[in-house]
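Engineer: Provided herewith is a single structure, encoded as structure tokens, for subsequent inquiry.
The values are calculated or read from the model by the stated rules, or taken from the named source; none is laboratory data. Quantities reported herein were computed from a predicted structural model and do not represent experimental measurements. A quick note on method: Cβ atoms are made from the backbone with ideal geometry, for glycine too, and the neighbour counts reach across all protein chains shown.
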Amino acid sequence: MAPIFKIQDVVNEIDTISSFSNEHYGYINNEYHAYLNRQTGELVTISNEEIRAVEEEHELEDYPNWQQEMIQQARKVFESDDYLPLPSKFEIHEYSIIKQFCYSIEDAELSNELLFQIQGSGVFRRFKHAIHRYNLAEDWYSYRQQALEQIAIDCLKANSIPY
């Protein structure tokens, strides 16, 4: 019998890969991908570098010990049908979540101010400053958490995975 998955575990994993992969967090050199083992419930995160090492069949000895383990894990992921890819940063659309949050603000003037702040470059930095300036940080983090939970639920439901 397949395990029942905790939504929060899946949310934590997609949140982590989204954060590490987003350019606005400074990690532009590597992209991360998360996978869920349908049989064991194990969550696995691997980088593009480890994926490339598997695809291009690089020698393990060319990598440090810690990365050799990650490359072996990546091989397991790609050699098995047991692993489900979790939503990537491209499927999460952080900007869309921010925009919907801005629209959800009942105070029309404040909502418009936030929408103005998320125009052009530097969106994430300006938004972060704005939510703190207007004491909306707790509301934002709660809203974002709910949005990520819905993304996780939709992913699990679409793949008939109990949660």
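Engineer: Given the options ILE151, ILE98, name the one that is closer than 30 Å to ARG38 by Cα, among the hydrophobic types (A, V, I, L, M, F, W, C) and surrounded by 13 or more Cβ atoms within 10 Å (Cβ to Cβ).
Structural biologist: Checking each option against the conditions leaves just ILE151.
Engineer: Report, ordered by the first and then the second residue, all pairs with beta carbons closer than 8 Å, sequence separation of six or more or different chains, a first member in region 63-86 that is touching a residue at least 12 places away in the same chain (Cβ under 8 Å) and more than 14 Å from HIS33 (Cβ to Cβ), and a second member that is among the charged types (D, E, K, R) and crowded, with 16+ Cβ neighbours inside 10 Å.
Structural biologist: GLN67/GLU49; GLN67/GLU50; ASP82/ARG38
Engineer: Which residues, taken from region 40-74, are of a type in the set (A, V, I, L, M) and closer than 30 Å to LYS6 by Cβ?
Structural biologist: Across region 40-74, the qualifying residues are LEU43, VAL44, ILE46, ILE51, VAL54, MET70, ILE71, ALA74.
Engineer: Would you check which residues across region 141-158 are more than 15 Å from the chain's Cα centre (by Cα), within 18 Å of GLU106 (Cβ to Cβ) and free of Cβ contacts under 8 Å to residues at least 40 places away in the same chain and list them?
Structural biologist: Across region 141-158, the qualifying residue is only SER142.
Engineer: Kindly provide the set of residues from region 112-126 that are assigned to a helix (DSSP H, G or I) and hydrophobic (A, V, I, L, M, F, W, C), ordered by number.
Structural biologist: Of everything in region 112-126, those that are assigned to a helix (DSSP H, G or I) and hydrophobic (A, V, I, L, M, F, W, C) turn out to be LEU114, LEU115, PHE116, VAL123, PHE124.
Engineer: If you go through region 67-77, how many residues are surrounded by fewer than 17 Cβ atoms within 10 Å (Cβ to Cβ), more than 15 Å from GLU42 (Cβ to Cβ) and under 23 Å from the mean Cα position of the chain (by Cα)?
Structural biologist: 1
Engineer: Tell me, which residue of region 117-154 that is among the hydrophobic types (A, V, I, L, M, F, W, C) and modelled with pLDDT under 95 is nearest to VAL10 (Cα to Cα)?
Structural biologist: That would be PHE124.
Engineer: State yes or no: is SER80 small (Gly, Ala, Ser), in contact with a helix residue (DSSP H, G or I) (Cβ under 8 Å, 6 or more places away or on another chain) and at negative phi?
Structural biologist: No, not satisfied.
Engineer: Also, I was wondering about something else. If I filter region 101-138 down to residues being touching a Ser or Thr at 6+ places or on another chain (Cβ under 9 Å), free of Cβ contacts under 8 Å to residues at least 24 places away in the same chain and of a type outside the set (A, V, I, L, M, F, W, C), which single residue comes out as surrounded by the most Cβ atoms within 10 Å (Cβ to Cβ)?
Structural biologist: For region 101-138, the residue satisfying everything is SER111.
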